[in-house]
1. Considering each of 87, 64 in turn, give the residue that is surrounded by fewer than 15 Cβ atoms within 10 Å (Cβ to Cβ) and among the charged types (D, E, K, R).
2. Name the residue, out of 17, 6, that is surrounded by fewer than 16 Cβ atoms within 10 Å (Cβ to Cβ), touching a residue at least 12 places away in the same chain (Cβ under 8 Å), in a loop (DSSP other than H, G, I, E, B) and not charged (D, E, K, R).
3. Say we look at region 139-167 and pick out the residues that are of a type in the set (D, E, K, R) and either in contact (Cβ under 8 Å) with a residue 40 or more places away in the chain or closer than 15 Å to residue 11 by Cβ (or both); which of these is surrounded by the fewest Cβ atoms within 10 Å (Cβ to Cβ)?
4. What are the pairs with Cβ atoms under 6 angstrom where one residue, in region 20-48, is part of a helix (DSSP H, G or I) and the other, located anywhere, is loosely packed, with under 15 Cβ neighbours inside 10 Å and at pLDDT below 85? Sequence gap at least six, or different chains.
5. Where in region 78-180 are there helices (runs of 4 or more DSSP H), lying wholly inside it, with at least 2 residues that are more than 30 Å from residue 37 (Cβ to Cβ), at pLDDT 90 or above and in contact with a strand residue (DSSP E or B) (Cβ under 9 Å, 6 or more places away or on another chain)?
6. If residue 60 meets every condition in (1) outside any helix (DSSP H, G or I); (2) over 22 Å from residue 139 (Cβ atoms) apart from one, which number is that one?
7. Looking at 65, 54, 73 in this structure, which one is closer than 30 Å to residue 110 by Cα, in a helix (DSSP H, G or I) and at pLDDT below 95?
8. Which residues, taken from region 116-132, are under 17 Å from residue 168 (Cα atoms) and in contact with a helix residue (DSSP H, G or I) (Cβ under 8 Å, 6 or more places away or on another chain)?
Amino acid sequence: MFFRKVAIRKIPTWAIVDDFAIERAEAALSADAPTLQDSLDRLFRSFGHEQPALSDYLAEEVSELGHELSQSLGYFLIAAIFRVFIEAFPERLDEVDEQALRIAVETLAADEALRADDPHEILESDDLVAMNQPALVEFVQGHLRDAYDQAEDDVPIEELDRVYRAALVEIIALSHAVISSEGVSGPPTELLH
């Protein structure tokens, strides 16, 4: 048997987002294309109301970015990822509290540290998230590539990395907040030391 070091918890099968949910979310956002900014503002307010801890954390991450394109992309992805989860699990998304948020942030950081310290490690932490949420990570990566191509080296790559990391935290946190159709929530809560 082959074992790998991993800190990121496996996402339950009932919480995997499919392509159809992403298509529905994109269609809903495109339907408001003339007023996309208003639609995103409403969606972000709804996100803040339904997921206050996660919303506050992500808003702070994005607000600290210095480049306008990075901020716009971060703001869009935060709202879009939330919309995808609403489309995929309209009645089954629980609130991400402070502890669940801390677990998502710390497990991603711990996994990144594990991989940074192992010269033989071929997978990155985002690869593990992509194995669990392939369609959603592909959606995020596509928007990041588009932004990078649009910026033509004008936007600092560190800022795009920070947007990507914030999106990964959101994906991990919301994935574990999905309740199964039988009423089971994500993996057992554990404390990280």
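The values are calculated or read from the model by the stated rules, or taken from the named source; none is laboratory data. If you're wondering where the values come from, they're calculated on a predicted model, not measured in any experiment. Cβ atoms come from the backbone with ideal geometry, glycine included; neighbour counts cover every protein chain shown.
1. Working: 87 fails: surrounded by fewer than 15 Cβ atoms within 10 Å (Cβ to Cβ).
Matching residue, one of 87, 64: 64.
2. Numbers: 17 fails: surrounded by fewer than 16 Cβ atoms within 10 Å (Cβ to Cβ).
So the residue among 17, 6 that is surrounded by fewer than 16 Cβ atoms within 10 Å (Cβ to Cβ), touching a residue at least 12 places away in the same chain (Cβ under 8 Å), in a loop (DSSP other than H, G, I, E, B) and not charged (D, E, K, R) is 6.
3. Within region 139-167, the subset of a type in the set (D, E, K, R) is 145-146, 149, 152-154, 158-159, 161-162, 165.
Now narrow it down to the ones that are either in contact (Cβ under 8 Å) with a residue 40 or more places away in the chain or closer than 15 Å to residue 11 by Cβ (or both): 154, 159, 162, 165.
Details: 154: 9, 159: 21, 162: 17, 165: 17.
It comes out as 154.
4. Here the result reads 39/32, each pair linking region 20-48 to a residue that is loosely packed, with under 15 Cβ neighbours inside 10 Å and at pLDDT below 85.
5. Numbers: elements: 98-116, 125-132, 134-151, 157-175.
Here the list is empty.
6. (1)
7. Details: 65 fails: in a helix (DSSP H, G or I); 54 fails: at pLDDT below 95.
Answer to the check: 73.
8. Keep residues of region 116-132 that are under 17 Å from residue 168 (Cα atoms), which gives 123-132.
The answer is 123, 124, 125, 126, 128, 129, 130, 132.
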